[in-house]
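Student: Once you've had a glance at the structure underneath, I'll fire off some questions.
The values are calculated or read from the model by the stated rules, or taken from the named source; none is laboratory data. Keep in mind it's a predicted model, so treat the numbers as computed, not measured. Reconstructed Cβ throughout: ideal geometry from the backbone, glycine too, with neighbour counts over all protein chains shown.
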Amino acid sequence: MGSLPQILTTTALAGVVAAGCGASAPSARPLGARLAAGASGSVAAPAVHRRLLLGYSVQHRPIGVQMVGTGVGRTRVLVVGCIHGNERAGIAVARRLDAMVPPTGVDLWVLDDLNPDGAAADTRQNAHGVDLNRNFPYRWLAAGRRGDQQYPGPGPLSEPEARIADRLVLRLRPQITIYFHQPLGLVDDSGGDPRIERRFAALSGLPLHRLTRYPGSAVGWQNHRLPGSTAFVVELPAGEPTPASATRLARAVLALARER
């Protein structure tokens, strides 16, 4: 796959199209330029839902993201429903968000499942036996071997799924990113702005605790790489969330975004 999508100028949407899919536009500009234009108030566009292909897993399952908003909102929120394939409760929350409209000025980016191979096999790791949440390039440490529960891979960003997340995050530069996990039933004080993490805990009804900071984790890398933004983990309880629970958590995400 080529470089990640760029924002395109259209009459109704600053849309994102994955490189290599044959889409083009005469007025295409990089994401940073489009975001700057939106911040200056020079672009007005209605919110829309747009599903975008980002790439493929090891076993060639598609990995996509849904953007809901104008593409030029002042606040960008990214939600990752699943990174460990045997911790899939966040997918239900992500799918609730897929159908919701974010507050004015907010662009919501929802990646339902970053590890579709692991989800299909009911394994924590991807199809290479790598824990994707130990494969990011901040304090990455070589340890163990393929198939171990927290095997970090042969090197940072060795896995296509981690590279997809890396490129998406660096392209979007979201102010808030939430990664859903299971089964502890809490919000992790993950190293971003503690006020944001504390506020989400209050909105979601989950307690706030500080978990171990693991090498090569997605939130550790993101908080280090994008200072001033906040990425944090939300550990959902074990089992499948009820529809009411998934809706409550999705509304908590939107409420948090509204306050930024």
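Student: In this structure, is Thr177 closer than 15 Å to Glu87 by Cβ and among the β-branched types (Val, Ile, Thr)?
Tutor: Against the criterion (closer than 15 Å to Glu87 by Cβ and among the β-branched types (Val, Ile, Thr)), Thr177 does not qualify.
Student: Could you run through segment 203-219 and say how many residues are of a type outside the set (S, T, N, Q), surrounded by 23 or more Cβ atoms within 10 Å (Cβ to Cβ) and in contact with a Ser or Thr (Cβ under 9 Å, 6 or more places away or on another chain)?
Tutor: The qualifying residues number 2.
Student: Counting only residues that are outside any loop (DSSP other than H, G, I, E, B) and either out of contact with any Leu (no Cβ under 7 Å at 6 or more places or on another chain) or surrounded by fewer than 20 Cβ atoms within 10 Å (Cβ to Cβ) (or both), how many does segment 150-168 have?
Tutor: Of the residues in segment 150-168, 3 are outside any loop (DSSP other than H, G, I, E, B) and either out of contact with any Leu (no Cβ under 7 Å at 6 or more places or on another chain) or surrounded by fewer than 20 Cβ atoms within 10 Å (Cβ to Cβ) (or both).
Student: Related question: Within the set of pairs 6+ apart or on separate chains, which have a first residue in segment 49-68 that is aromatic (Phe, Trp, Tyr), a second that is modelled with pLDDT under 95 and surrounded by fewer than 21 Cβ atoms within 10 Å (Cβ to Cβ), and C-beta atoms under 9 Å apart?
Tutor: Tyr56/Met1
Student: Sticking with this structure for a sec: Could you tell me whether any residue of segment 178-188 is part of a loop (DSSP other than H, G, I, E, B), in contact (Cβ under 8 Å) with a residue 60 or more places away in the chain and under 17 Å from the mean Cα position of the chain (by Cα)?
Tutor: Yes - at least one qualifying residue is present in segment 178-188.
Student: Can you find a residue in segment 116-133 that is modelled with pLDDT under 95, assigned to a loop (DSSP other than H, G, I, E, B), touching a Gly at 6+ places or on another chain (Cβ under 7 Å) and of a type in the set (Lys, Arg)? First the steps, then the outcome.
Tutor: So in segment 116-133, the residues modelled with pLDDT under 95 come out as none.
Looking for residues that are modelled with pLDDT under 95, assigned to a loop (DSSP other than H, G, I, E, B), touching a Gly at 6+ places or on another chain (Cβ under 7 Å) and of a type in the set (Lys, Arg), one finds none in segment 116-133, hence no.
Student: Shifting gears a bit: Which residues, counting only those in segment 204-260, are assigned to a loop (DSSP other than H, G, I, E, B), among the aliphatic types (A, V, I, L, M), over 15 Å from the mean Cα position of the chain (by Cα) and at pLDDT 95 or above?
Tutor: As a first pass, look at segment 204-260 and keep what is assigned to a loop (DSSP other than H, G, I, E, B): 205-207, 210-217, 226-229, 238-242, 259-260.
When the remaining residues are screened for being among the aliphatic types (A, V, I, L, M), the result is 206, 211, 226, 238.
Adding the requirement that they be over 15 Å from the mean Cα position of the chain (by Cα) leaves 206, 211, 238.
Scanning segment 204-260 gives Leu206, Ala238.
Student: Can you tell me how many residues in segment 119-142 are small (Gly, Ala, Ser) and in contact (Cβ under 8 Å) with a residue 40 or more places away in the chain?
Tutor: Matching residues across segment 119-142 total 2.
Student: So, one more: What about Leu236, is it crowded, with 16+ Cβ neighbours inside 10 Å and more than 27 Å from Val68 (Cα to Cα)?
Tutor: It is false that Leu236 is crowded, with 16+ Cβ neighbours inside 10 Å and more than 27 Å from Val68 (Cα to Cα).
Student: Just for segment 96-149: of the residues that are surrounded by 20 or more Cβ atoms within 10 Å (Cβ to Cβ) and small (Gly, Ala, Ser), which one is nearest to Pro160 (Cα to Cα)?
Tutor: Across segment 96-149, the extreme among qualifying residues is Ala127.
Student: State all residues of segment 189-215 that are touching a residue at least 12 places away in the same chain (Cβ under 8 Å), under 22 Å from Val110 (Cα atoms) and not aliphatic (A, V, I, L, M); if no residue qualifies, say none.
Tutor: Passing the criteria: Asp189, Ser190, Gly191, Gly192, Asp193, Glu197, Arg199, Phe200, Ser204, Gly205.
Student: Restricting attention to segment 169-199, and to residues there that are touching a helix residue (DSSP H, G or I) at 6+ places or on another chain (Cβ under 6 Å) and small (Gly, Ala, Ser), which single residue is surrounded by the fewest Cβ atoms within 10 Å (Cβ to Cβ)?
Tutor: Looking at the filtered set, the residue picked out is Gly191.
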